[in-house]
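*Asks:* One structure, as C-alpha cells, below. Some questions next.
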Amino acid sequence: MLETPNLIGGTLSLDFVNTVDPRHAPDRREYLDTYSALAAWGGHAGAVAADQAERLRAAAASDPAGAERVLNRAIRLREALYPLFRAAAQEQPPGSDDLDVLQAELTLALSRLRIAWTPAGYVRNWEQHGAPLDQVLWPVSWSAAELLTHGPLDRIRECPGQGNCGWLFLDLSKNASRRWCDMRVCGNRAKARRHHARLQAG
C-alpha cells in the first residue's frame, strides 16, 4: 500500500504542497514519486473519490508516457504553489513564472468544471466521463486559486520544525497562535529538545 502524508494543511492545495518531507532537506521524502502515488494521494486527500483513484491508476498502467507527463506537471505545479503561498502570506508579489504555472493548470481545470442542478440547488462538479489522468490536478488548482483570491492569506503559516520541515498550513486557531504543522510530530520534537537543553544546563 502506498504511503501518503498527513493532511494538516487545512485546505487541499496546502496539503498538495506538503507532499515532500521535510521540504527544505536535501534528502527529503518525495511522496509523489510515481503516478500511482499521485492518484493514491488524490484519493487520500479527497481530490478524487477513492474508486476513481483506482481507475486512474489502471488508466495510467495502459498509458505510462501520459502518466509520466501528468506526474511532471503535478511536481511543477506543487513547486510553483509553495513560493506563491509564501509570498502571498508575506504580502509580497508572486514570481511571474510560478503564477503562469498555476494559470496554465487552472485554465485546463476550468474547461472540466460543470454546473449541475439538483433538487437542493445548483452544485459545482468536475467532469465525470472517463479517467483523464490529470483529474487529480483540477481541484488542486481550483483550491489554490480560491485560497489566493479569498484567503485567509494572513493565516498561512510555515512550520519551523527540526529538519527544515517547511510544511504549510492554515492557522485557524482562535488567537492565531498555532506554530507547528502537527503538535504530535514537530511540536513534540521541539518540546523534547527544550527538555534536553534544560537537563544539560541543570
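*Asks:* If Asp63 passes every condition in (1) farther than 21 Å from Asp15 by Cβ; (2) within 16 Å of the chain's Cα centre (by Cα) but one, which one does it miss?
*Replies:* (2)
*Asks:* Show the residue pairs that are 6+ apart or on different chains and have beta-carbon atoms under 6 Å apart, the first residue being within region 1-22 and surrounded by fewer than 20 Cβ atoms within 10 Å (Cβ to Cβ), the second being of a type in the set (Asp, Glu) and at pLDDT 95 or above.
*Replies:* Leu7/Asp15
*Asks:* Out of all the residues in region 67-77, is one or more loosely packed, with under 12 Cβ neighbours inside 10 Å, in a helix (DSSP H, G or I) and either in contact (Cβ under 8 Å) with a residue 12 or more places away in the chain or in contact with a His (Cβ under 8 Å, 6 or more places away or on another chain) (or both)?
*Replies:* Pass one, region 67-77, residues loosely packed, with under 12 Cβ neighbours inside 10 Å: 72.
Then keep just the ones that are in a helix (DSSP H, G or I); that gives 72.
Applying the additional criterion that residues be either in contact (Cβ under 8 Å) with a residue 12 or more places away in the chain or in contact with a His (Cβ under 8 Å, 6 or more places away or on another chain) (or both) yields none.
Checked region 67-77: no residue is loosely packed, with under 12 Cβ neighbours inside 10 Å, in a helix (DSSP H, G or I) and either in contact (Cβ under 8 Å) with a residue 12 or more places away in the chain or in contact with a His (Cβ under 8 Å, 6 or more places away or on another chain) (or both).
*Asks:* Ok, one more. When you go through (1) within 16 Å of the chain's Cα centre (by Cα); (2) under 16 Å from Leu137 (Cβ atoms) one by one for Leu113, which number turns out not to apply?
*Replies:* (1)
*Asks:* Could you list all residues from region 32-66 that are surrounded by fewer than 18 Cβ atoms within 10 Å (Cβ to Cβ) and in a loop (DSSP other than H, G, I, E, B)?
*Replies:* Passing the criteria: Asp33, Thr34, Gly46, Ala49, Ser62, Asp63.
*Asks:* Restricting attention to region 144-159, which residues are assigned to a helix (DSSP H, G or I), among the acidic types (Asp, Glu) and within 11 Å of Asp171 (Cβ to Cβ)?
*Replies:* Result: Asp154, single match.
*Asks:* Further question: Please work out if Asp27 is free of Cβ contacts under 8 Å to residues at least 60 places away in the same chain and either within 16 Å of Leu71 (Cα to Cα) or surrounded by fewer than 19 Cβ atoms within 10 Å (Cβ to Cβ) (or both).
*Replies:* Here the answer is yes, as Asp27 does meet what is asked.
The values are calculated or read from the model by the stated rules, or taken from the named source; none is laboratory data. Here the structure is a predicted model, which is why all the values come from computation and not from measurement. Methodologically, a virtual Cβ is constructed for each residue, glycine included, from the backbone with ideal geometry; neighbour enumeration extends over all protein chains shown.
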